[in-house]
1. Which residue is surrounded by the most Cβ atoms within 10 Å (Cβ to Cβ), if the candidates are limited to the stretch 210-232 and must be in a helix (DSSP H, G or I) and within 11 Å of the ligand (Cβ to nearest atom)?
2. Being surrounded by fewer than 20 Cβ atoms within 10 Å (Cβ to Cβ) and of a type in the set (S, T, Y) is the filter here; which residues of the stretch 156-205 pass it?
3. Could you check the stretch 66-117 and list, in sequence order, the residues that are in contact (Cβ under 8 Å) with a residue 24 or more places away in the chain, in a helix (DSSP H, G or I) and aliphatic (A, V, I, L, M)?
4. Taking I155 as the residue in question, decide whether it is within 15 Å of the ligand (Cβ to nearest atom), free of Cβ contacts under 8 Å to residues at least 60 places away in the same chain and of a type in the set (V, I, T).
5. So S346 fits all but one of (1) assigned to a strand (DSSP E or B); (2) in contact (Cβ under 8 Å) with a residue 40 or more places away in the chain; (3) hydroxyl-bearing (S, T, Y); what number is the exception?
6. Kindly list, by first and then second residue, each pair from a residue in the stretch 170-194 that is assigned by TED's automatic domain parsing to the domain that holds T375 and assigned to a helix (DSSP H, G or I) to a residue that is within 11 Å of the ligand (Cβ to nearest atom) and among the basic types (K, R), limited to pairs with Cβ atoms under 9 Å and residues at least 6 apart or on different chains.
7. Starting from residues that are exposed (fewer than 14 other Cβ atoms within 10 Å of the Cβ) and touching a His at 6+ places or on another chain (Cβ under 7 Å), keep the ones in the stretch 396-422 and report whichever is nearest to D355 (Cα to Cα).
8. Determine whether L287 is part of a helix (DSSP H, G or I), over 21 Å from I448 (Cα atoms) and at pLDDT 95 or above.
Amino acid sequence: MLASLVMDKGRSPNLHLVRCGAVGKLTAFLFWGQCSCGRYLCNTFLKVRLRLTVYVIQWYPPQMASWRYLGLAERLAQFRRTHQLSAATLARAAGISLRAYYLIENGKVMPSMETLERLGRATKLDPGWLGFGVSANGLAPHITFAPGFDSDSLISDLLSVLRGNTGVVDDVYKYLDSTGAHEWRALLQQQDFSSVVASFPMQELIDCLAAIIDVDDSADIVGLGCGTAEREITLIKKLLTRRRRNLRLQLLDISVSLLGSAVQASDEFSRAHCVPVMALLGNFHNLPEYAHLLTGDYQRRRIITMFGYTFSNLDNEVQFLRRSMRWANEGDILVLDVPAAATDSSDRAEILRRDKSFSKRRGGEWHNAAFRFLTGPLRRNLDRITDIKIETELDQTSCVIPGSYAVMTSALVQFHSGESKHFVIGYSKRYDLTKLASHMESEGWRLINGYHYGPGNFGLVGVFQRHDPRPKRGRRPKKNAP
Ligand SMILES: C[S@@+](CC[C@H](N)C(=O)[O-])C[C@H]1O[C@@H](n2cnc3c(N)ncnc32)[C@H](O)[C@@H]1O
């Protein structure tokens, strides 16, 4: 094992680690060095594994070391913002002076390992992650629980909905248990679905994103509702094969089973390309409470993806953008993959004729897989069901994004007792790109590019960039302006 510490003039040091053939395992190293000729203070907390390998790789290129250093300051500031804590309170909780705290939060000094651990205890964050953006487990992908995440209370909420005679079974409940996750995968394998997924315009998306991130050559891909993260992983792999970039992958999902598969799938590529992967088990509706976990280095651009129609299944997408996405910085990118409207949202007859969700021509295999997936939470949690009848309706009146309409699926459940219950079990919207773009603009997301894809142009990918929609100070709109 060879490790060399390289110090730039007046800068925090960068650690270059070269790995070569060896046998054994070496864990948790703390490097602490002080240079007498300058005031260099460095701590590097690394987990190094030595294996029987014959290749040599360079770990953390110099620019990566500096973003890690800056990341600590921003992570602390963001933690305080989201928890509404004063610097004095956090300094007191960590048992350090306010002055020392400010030096750290302003990025002026890198704290000692002991101070980092104190800050870790005070914020309840892994000190390795807090300081360097990786946990003590090194780069090995692993799952972190988002603070406050409680799957048991979600199940309680579902059961209380099901106790009533009528109600809405939110999309989230379909993926919560492993059977639900399994049925989602079965649906993905189904030919109608898989042919749409196969035609996803990945190359166009990569060209578009590469042009944006080439400006600073670093970015975090943040997969919201990533499922097994197939597309996030393909995206980051392809971005890396074109050119060596400083990328990280952050995955967020509510399903342990799907996220577990995502972590396994990303493990190999993470090691091969030295890409840190962080998987968060959490509810994206509560994102503002733990956005600081999505590494808030303000210099790093975030490419936030919502693949697989996740956005279109939200009850209120506008509220989602306003409440759950307000942590996004100016310049961040949001990639939305949604179903496209078959025609004008006001033309009922034409929608019923052209939207394939209302088509009787879809095969039995599709209906079986969709039926199993959609009715899963009912079948698994209600006793003595004799029959479930599914109905699909068009909803043109309650969608919040202009030009969109929804396909609402409801289930009539019959029981042995003769009783029946009625639940809404699916709510999926379809969008018109121009109208979606115009509404997103008013919400602070500007369209960069949009692509239709799939048989009958059923899929739609929109790439949006965060901008500040508030009018600039001092520039009031002119009265009576046309
Ligand atoms: C329609 S699937 C899409 C999965 C994946 N993106 C794909 O393209 O295959 C929706 C995903 O969002 C996740 N999800 C749904 N509601 C969620 C929530 N409130 N918080 C976090 N993840 C959620 C589900 O577990 C599921 O993996």
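1. Here is the first cut: in the stretch 210-232, the ones in a helix (DSSP H, G or I) are 210-213, 230-232.
The next check asks that each one be within 11 Å of the ligand (Cβ to nearest atom); those that pass are 230-232.
On the way: E230: 18, R231: 20, E232: 26.
Ranking the qualifying residues of the stretch 210-232, first place goes to E232.
2. S156, S160, T166, S178, T179, S194, S195, S199
3. The answer is L70, L72, A73, L76, A77, L90, A93, A94, I104, M113, L116.
4. yes
5. (1)
6. G180/K174; A181/K174; E183/K174; W184/K174
7. P402
8. It is false that L287 is part of a helix (DSSP H, G or I), over 21 Å from I448 (Cα atoms) and at pLDDT 95 or above.
The values are calculated or read from the model by the stated rules, or taken from the named source; none is laboratory data. It should be emphasised that the depicted structure is a prediction, and the values quoted were computed from it without experimental measurement. All Cβ positions, even for glycine, are placed from backbone atoms using ideal geometry, and neighbour counts span all protein chains on display.
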